There are 4 protein chains.
Amino acid sequence: MSGNTIGKIFCVTTCGESHGKSLMGIIDGVPPGFPLSEKDLQIDLNRRKPGFSKYTTKRRENDHVQILSGIFQGKTTGTSIGIVIKNNDVRSQDYENIKHIFRPNHADFTYQKKYGIRDYRGGGRASARETAIRVAAGALAKKYLFLNYGILIRGYLSQIGPIKCPFISWNHVQKNPFFCSDITKISQICSLLDNLKKEGDSIGAKITIICENIPVGLGEPIFDRLDADISHAIMSINATKSVEIGDGILVASQKGSEHRDEINKQGFLTNHSGGILGGISNGNSIIIHTALKPTSSISIPGNTINDIGEETTIITKGRHDPCVGIRAIPIAESMIAIVLMDHLLRDRAQCNTSFKNR
Amino acid sequence: MSGNTIGKIFCVTTCGESHGKSLMGIIDGVPPGFPLSEKDLQIDLNRRKPGFSKYTTKRRENDHVQILSGIFQGKTTGTSIGIVIKNNDVRSQDYENIKHIFRPNHADFTYQKKYGIRDYRGGGRASARETAIRVAAGALAKKYLFLNYGILIRGYLSQIGPIKCPFISWNHVQKNPFFCSDITKISQICSLLDNLKKEGDSIGAKITIICENIPVGLGEPIFDRLDADISHAIMSINATKSVEIGDGILVASQKGSEHRDEINKQGFLTNHSGGILGGISNGNSIIIHTALKPTSSISIPGNTINDIGEETTIITKGRHDPCVGIRAIPIAESMIAIVLMDHLLRDRAQCNTSFKNR
Amino acid sequence: MSGNTIGKIFCVTTCGESHGKSLMGIIDGVPPGFPLSEKDLQIDLNRRKPGFSKYTTKRRENDHVQILSGIFQGKTTGTSIGIVIKNNDVRSQDYENIKHIFRPNHADFTYQKKYGIRDYRGGGRASARETAIRVAAGALAKKYLFLNYGILIRGYLSQIGPIKCPFISWNHVQKNPFFCSDITKISQICSLLDNLKKEGDSIGAKITIICENIPVGLGEPIFDRLDADISHAIMSINATKSVEIGDGILVASQKGSEHRDEINKQGFLTNHSGGILGGISNGNSIIIHTALKPTSSISIPGNTINDIGEETTIITKGRHDPCVGIRAIPIAESMIAIVLMDHLLRDRAQCNTSFKNR
Amino acid sequence: MSGNTIGKIFCVTTCGESHGKSLMGIIDGVPPGFPLSEKDLQIDLNRRKPGFSKYTTKRRENDHVQILSGIFQGKTTGTSIGIVIKNNDVRSQDYENIKHIFRPNHADFTYQKKYGIRDYRGGGRASARETAIRVAAGALAKKYLFLNYGILIRGYLSQIGPIKCPFISWNHVQKNPFFCSDITKISQICSLLDNLKKEGDSIGAKITIICENIPVGLGEPIFDRLDADISHAIMSINATKSVEIGDGILVASQKGSEHRDEINKQGFLTNHSGGILGGISNGNSIIIHTALKPTSSISIPGNTINDIGEETTIITKGRHDPCVGIRAIPIAESMIAIVLMDHLLRDRAQCNTSFKNR
């Protein structure tokens, strides 16, 4: 298969551009008899949705998802599920000026060179707008994983620019526009973003996703290790530049005696490994961190070239988030849900074991 | 396909355990008419080979690779290529004592729980020994990429425990057992490893891979972005806990105006993005960092349980590297070569363009 | 991937039921810069469309296809192409009576048993209605193959019930509702169908597809041989019960000296092999025959059981073609086009040769 | 993946040529804890083995299979299983004369044109010798399917040239070199083959495979229908030119009222459909027929060209079966076993149902 499908048994295939008619997705391999409605998918779409606060893009999309197939009388039938999200608030005229210019840090240059043609309106397929479909598909997976296995997949903002936001509790995460668990940091974040706005600049971020109640045994060594497939999924999100599992880059300076998670009757005493050993889940929480680069569209002039190679400078107009990392949280949760769902079904195929007996 | 195949067009499928009869691989999708001999594959196998210095495992494998099919009169025929590496220096008796015990930080626990059975000898399939086949397959890809496109894929040790080893030049990398580019650090590394040996402990590391002369246009958005597939491949290597592309985790604290790579007639002025934009190579060097956890097998006693859940402690005997990160360099190079080869062929399929015209 | 995707490089993924809101498809891997409009897809949809003559179902669907993504300024962009066809003329009440009854020869029984739930309206996903999307995707492939390689894929009715319709010429095939090349048979076919209608019965058929101007070299031995992939694609069409390549079942009674296609400077002297040798196209026309079972929905009462195992009889109402074989011709052409397109791209990937030089 | 892998969850990847060092295979996705030894695989290899009677090739291969990985203490571990079969009785000098000549009806022409190079010795990869690995992999699947589900997959010769051999019983099938169920036909077959031998000619055949005790519910519509995947697998066998399921081509002349399998409390009253409805097994026996073309290597001179396009004639020496159809029976059984195994595991993944409850 080509590049717009993810998963082997639970497969999500998507299409759609930022300023096209609609975004679409086909979700295949969903177990039959599972209750599913558009509302289930809407919850996470609303969390990802632009216009959530004054710190996100002013583009106003209701991101209303429609299910076109695969559901009968409120339940999945085992056939492929088609979903559509229309694009409404499209202002393509904002992009006329970049028709022939490659915006630095954007995919304009690489899409043009690879394909010899590009839909320049709003970044076309390279826009983060396509992630709406991922979030809808991920919402399905999240519901399935939670209802059947109690699996919880939740993320929070762990760093934005210079501000580190260590985890306090889940209590406040959904109650502020930054998915920040430490509310004492909110005002700092607001000033940071307000200043950036004035400067016409943007900022990077780091987010953390925690998956709880994971059964032991998910992952298919050696190439489809769970950590490998999660890294693939995370790195397929726009703007991500790193993936860390458990202690991540800290392991470079750890000793074996420090890093290893010892075991007693109750289970693992620590979780340096982030819940994965040998590419297989060990039953501990899976912990993933990813750093996202600052929004590429900024209003500080930058040097670039046009599509016939002439030098020029550009200011990127349009309506953009100053920090794409914030809205990436529901997206990252969704991608991990898709991977876990796929591996859960794959484990059933080969091992066919009730997880409780492991 | 199940978990032991990587790639979509250029596919590598492997099997084999640490103490089994042989490791085997089948490499499929290789373009026909390409000159290939066992010697070509042996070069990198020798770089990965155990017993390279006193700081690596004392297991002595000559890692002699045999090509059993797919080559005729010194050239690839376009059919699948079978390779075999025999296991010779197997001392399975070393592992009798861990038959029923889960070594902390090893995959013993997860393999046993997932499959209900495990080949405990030397870690079985979870041992890094299987990477020999990856290195052989990667050597084929490296040769193809270099001869046809001038692509060079090279790695070095960038950190070991507390010692950071910034890049100086490629001159010395192949001339010391640590793939360290900065020879002024060699003696520090030796003392570090000597001390660890005395303590019976091990250490983590960070390695960096640089890919030069990359054509513009490799990568298949949105899920098979080049960075996503590289992350998958890197994270499928034993002991890896992070992947970073370009500036990696540093982007979390960068501003948009700092991070973006501006462009002029000569090309990109900087390379913060690490050679990939929108999931597609931009023609700059691709830069990847990965952190590897410390070797799991250490002789400091650790708490654990056995396979019937009783608590016990363990000292891991056997012959082990104090730092698995070092030998991971040729493995990481190979995995990236496999990904680049696959994407190069995939790009041919869809875009069918001479890279020079981009 | 799960069962609703076909192809490895050129991938078609579909969803949608007979009486659902819409049929949808995502076509991935299409080369960029190729001119494509909804009109291009509509041509074949109109050929497949119900209501083509009084001998097909009275369901009136305009089968208007919409392209939602992947096209910019009239050309493909290399990104995934989304297509939608709405269901309009849905009379689900016709199916209330079969809610709990398994219609013999239909997929009701097997879908119910496999999934434990089924969309009984019009056969749900098992209805041939889903093939509309295949035809749209196939139309894209046909256009690409024709414009770039001159490949022509055309089918005709070769048998309907007892009436054999040998090939005369392409002149009349598109001019009668039966895709029959021999117009002297039309009146016989009409009487046959008229009688069947009176009896409330249906009839089987055999169709033949000829692919001309095929380049030498398509097919990927050993499992993805061109004949194997064509057989897969043909047998995935509803109601097909056989596939033959070239002389097909006649080879069982042929001698080697009879069957073999001898060669001289001009090429092959005969085409018993149907254009494929060793799983690879030999440059001759590819010839495929397939037999389709009679329409399952007939009004002659049949014995069956309901979903709690009680015996009953059924008369299948609804609006049905007396011979599904007729409308299968554009579907079969499309499926073969999809396979050829995929193999053409795959051949580019591995062999990267201009076909003219072969 | 490229063309040398079959299956999605249960995957078989192969390599090896007729006169290469070895044939190899990697079998992936095998459930863990399943007892398996080389003996299990050898049974079917012996049935396929050349030199079984005076009517098969005189090449003497013991086809001794070695398992190199994936088994521990007599059981599968869930990791990939490597198998090797050495080529011993290689007489490559027999093929020196065809180095530059394309044997009619062989794959010489197409391999040379596609790849620009070919291993001409014994047909290289295009030789039926590669099927030894398929048979070994199929033997594993057959054992699994039989021990766990009672599934029996057996084939017989149903036609050889003009001699039709209708099914009598399984009693004699394994006791004659032709897998013929009707022993009254044996002497006719012997004379036919003796005469062909004198003439230096060969003959086609038709074989039938019956799969019993099939659970309801195998198959993944719409593209991975069970009949579609079986057709793919059968048509991937050298020399096959047709596939029929159930009544096969006879359906072209059947009426709906004749063809449909009515149902009562005991199940289906007939089995015209050959055990598959809507692409899903219905619990009846699966019935598959395939016709195989006559052996291509015959000693009657044939017209052909050489690799620089000059006309010539050829007599194919070497050691060949007069009827490849005979030895195809264990191969076809194996391919079907591989498909059923894959679908069984896939059904577990999505539907996760005990088959008994269906």
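The values are calculated or read from the model by the stated rules, or taken from the named source; none is laboratory data. What you see is a predicted model; the values in this text were computed from it and never measured. Reconstructed Cβ throughout: ideal geometry from the backbone, glycine too, with neighbour counts over all protein chains shown.
Output the residues belonging to the range A:155-177 that are in a loop (DSSP other than H, G, I, E, B), hydrophobic (A, V, I, L, M, F, W, C) and within 14 Å of chain B (Cβ to nearest Cβ).
Selection gives A:Cys165 alone.
Just to be sure I understand, how many residues within the range C:1-48 are in a loop (DSSP other than H, G, I, E, B), within 26 Å of C:Ser92 (Cβ to Cβ) and free of Cβ contacts under 8 Å to residues at least 60 places away in the same chain?
Of the residues in that region, 2 qualify.
What are the residues in the range A:218-238 that are in a loop (DSSP other than H, G, I, E, B) and under 30 Å from B:Thr316 (Cα atoms), if any?
Scanning the range A:218-238 gives A:Leu218, A:Gly219, A:Pro221, A:Ile222, A:Phe223, A:Arg225.
How about the range B:209-259: which of its residues are crowded, with 22+ Cβ neighbours inside 10 Å and among the polar types (S, T, N, Q)?
Those that are crowded, with 22+ Cβ neighbours inside 10 Å and among the polar types (S, T, N, Q): B:Ser231, B:Ser236, B:Asn238, B:Thr240, B:Ser242.
In the range C:170-195, what count of residues is obtained for those that are in contact with a strand residue (DSSP E or B) (Cβ under 8 Å, 6 or more places away or on another chain) and farther than 13 Å from C:Pro294 by Cβ? Before you say what the answer is, go through the steps one by one.
Step one: filter the range C:170-195 for residues in contact with a strand residue (DSSP E or B) (Cβ under 8 Å, 6 or more places away or on another chain), giving C:170, C:172-173, C:178-181, C:185-186, C:188-189, C:192-193.
Applying the additional criterion that residues be farther than 13 Å from C:Pro294 by Cβ yields C:170, C:172-173, C:178-181, C:185-186, C:188-189.
The number of residues fulfilling the criteria is 11.
Restricting attention to the range A:282-313, report how many residues are more than 7 Å from chain B (Cβ to nearest Cβ), part of a loop (DSSP other than H, G, I, E, B) and hydrophobic (A, V, I, L, M, F, W, C).
So the count comes out to 1.
With the checklist (1) without any contact (Cβ under 8 Å) to a residue 12 or more places away in the chain; (2) within 30 Å of B:Ile101 (Cα to Cα) in hand, flag the one item B:Arg348 doesn't pass.
Among (1) without any contact (Cβ under 8 Å) to a residue 12 or more places away in the chain; (2) within 30 Å of B:Ile101 (Cα to Cα), the lone unmet condition for B:Arg348 is (2).
Yes/no matrix, rows are residues, columns are (1) surrounded by 24 or more Cβ atoms within 10 Å (Cβ to Cβ); (2) over 30 Å from A:Ser273 (Cβ atoms); (3) touching a strand residue (DSSP E or B) at 6+ places or on another chain (Cβ under 9 Å):
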residue: A:Thr295; (1), (2), (3): yes, yes, yes
residue: A:Ser299; (1), (2), (3): no, yes, no
residue: A:Asn306; (1), (2), (3): no, yes, yes
residue: A:Gly309; (1), (2), (3): no, yes, no
residue: A:Ile315; (1), (2), (3): no, yes, yes
residue: A:His320; (1), (2), (3): no, yes, no
residue: A:Val324; (1), (2), (3): yes, no, yes
residue: A:Ala337; (1), (2), (3): yes, no, yes
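Between B:Leu68, B:Leu45, B:Leu36, which is hydrophobic (A, V, I, L, M, F, W, C) and out of contact with any helix residue (DSSP H, G or I) (no Cβ under 9 Å at 6 or more places or on another chain)?
Selected residue: B:Leu68, the only one of B:Leu68, B:Leu45, B:Leu36 that is hydrophobic (A, V, I, L, M, F, W, C) and out of contact with any helix residue (DSSP H, G or I) (no Cβ under 9 Å at 6 or more places or on another chain).
Would a scan of the range A:285-293 turn up a residue that is surrounded by fewer than 24 Cβ atoms within 10 Å (Cβ to Cβ), small (Gly, Ala, Ser) and modelled with pLDDT under 95?
Within the range A:285-293, not a single residue is surrounded by fewer than 24 Cβ atoms within 10 Å (Cβ to Cβ), small (Gly, Ala, Ser) and modelled with pLDDT under 95.
Counting only residues that are within 10 Å of A:Ile280 (Cα to Cα) and of a type in the set (A, V, I, L, M), which one in the range A:201-221 is nearest to the other protein chains (Cβ to nearest Cβ)?
A:Val216
Among (1) more than 22 Å from B:Ile326 (Cβ to Cβ); (2) within 14 Å of another protein chain (Cβ to nearest Cβ), which single condition is B:Asp40 missing?
Of (1) more than 22 Å from B:Ile326 (Cβ to Cβ); (2) within 14 Å of another protein chain (Cβ to nearest Cβ), only one is false for B:Asp40: (2).
Determine which single condition C:Asn264 fails, assuming it passes every other condition in (1) of a type outside the set (D, E, K, R); (2) in contact (Cβ under 8 Å) with a residue 40 or more places away in the chain; (3) within 7 Å of chain D (Cβ to nearest Cβ).
The one condition C:Asn264 does not meet is (2).
Sort through D:Gly246, D:Gly219 and tell me the only one that's of a type in the set (Gly, Ala, Ser) and over 19 Å from the mean Cα position of the chain (by Cα).
D:Gly219
Considering the range C:121-137 alone, what residues qualify as being crowded, with 24+ Cβ neighbours inside 10 Å and more than 18 Å from C:Ser299 (Cβ to Cβ)?
C:Gly124, C:Arg125, C:Ala126, C:Arg129, C:Glu130, C:Thr131, C:Ala132, C:Ile133, C:Arg134, C:Val135, C:Ala136, C:Ala137
Restricting attention to the range D:93-138, which residues are among the charged types (D, E, K, R) and over 30 Å from D:Ile151 (Cα atoms)?
Result: D:Asp94, D:Glu96, D:Lys99, D:Arg103, D:Asp108, D:Lys113, D:Lys114, D:Arg118, D:Asp119, D:Arg121, D:Arg125.
Can you tell me which of C:Pro301, C:Pro322 is free of Cβ contacts under 8 Å to residues at least 24 places away in the same chain and within 24 Å of D:Gly246 (Cα to Cα)?
C:Pro301
Let me spell it out: the conditions are (1) more than 7 Å from chain C (Cβ to nearest Cβ); (2) touching a strand residue (DSSP E or B) at 6+ places or on another chain (Cβ under 6 Å), and D:Lys198 meets all of them except one. Which number is the exception?
Among (1) more than 7 Å from chain C (Cβ to nearest Cβ); (2) touching a strand residue (DSSP E or B) at 6+ places or on another chain (Cβ under 6 Å), the lone unmet condition for D:Lys198 is (2).
Kindly indicate which of D:His232, D:His259 is within 7 Å of chain C (Cβ to nearest Cβ), more than 30 Å from D:Pro294 (Cβ to Cβ) and not basic (Lys, Arg).
D:His259
Looking at the range A:165-178, is at least one residue of a type in the set (Val, Ile, Thr), buried (at least 23 other Cβ atoms within 10 Å of the Cβ) and modelled with pLDDT of 95 or more?
Looking for residues that are of a type in the set (Val, Ile, Thr), buried (at least 23 other Cβ atoms within 10 Å of the Cβ) and modelled with pLDDT of 95 or more, one finds none in the range A:165-178, hence no.
Going through the range A:239-256 one residue at a time, which ones are more than 7 Å from chain B (Cβ to nearest Cβ) and either in a loop (DSSP other than H, G, I, E, B) or over 30 Å from B:Leu277 (Cα atoms) (or both)? So that I can check it myself, show each step before the final result.
Going residue by residue through the range A:239-256, those that are more than 7 Å from chain B (Cβ to nearest Cβ) are A:239-240, A:250.
Residue satisfying the conditions is A:Ala239 alone.
Is there a residue being free of Cβ contacts under 8 Å to residues at least 24 places away in the same chain, surrounded by fewer than 24 Cβ atoms within 10 Å (Cβ to Cβ) and facing another protein chain (nearest Cβ under 8 Å) anywhere in the range A:269-281?
Yes, the range A:269-281 contains at least one residue that is free of Cβ contacts under 8 Å to residues at least 24 places away in the same chain, surrounded by fewer than 24 Cβ atoms within 10 Å (Cβ to Cβ) and facing another protein chain (nearest Cβ under 8 Å).
Within the range D:178-189, how many residues turn out to be touching a residue at least 60 places away in the same chain (Cβ under 8 Å) and assigned to a helix (DSSP H, G or I)? Write out each step before concluding.
Of the residues in the range D:178-189, the ones touching a residue at least 60 places away in the same chain (Cβ under 8 Å) are D:178-179.
Filter once more, so that each one left must be assigned to a helix (DSSP H, G or I): none.
Residues in the range D:178-189 being touching a residue at least 60 places away in the same chain (Cβ under 8 Å) and assigned to a helix (DSSP H, G or I): 0 in total.
Just one of D:Ile326, D:Ile331 is at pLDDT 95 or above and under 19 Å from the mean Cα position of the chain (by Cα); which is it?
So the residue among D:Ile326, D:Ile331 that is at pLDDT 95 or above and under 19 Å from the mean Cα position of the chain (by Cα) is D:Ile331.
Scan the range C:118-145 residue by residue and report those that are assigned to a loop (DSSP other than H, G, I, E, B) and over 17 Å from D:Gly279 (Cβ atoms).
C:Tyr120
Of B:Tyr111, B:Tyr95, which residue is more than 30 Å from D:Asp108 (Cβ to Cβ) and in contact with an Asp or Glu (Cβ under 9 Å, 6 or more places away or on another chain)? Steps first, answer last, please.
Values: B:Tyr95 fails: in contact with an Asp or Glu (Cβ under 9 Å, 6 or more places away or on another chain).
After ruling out the rest, the residue left standing is B:Tyr111.
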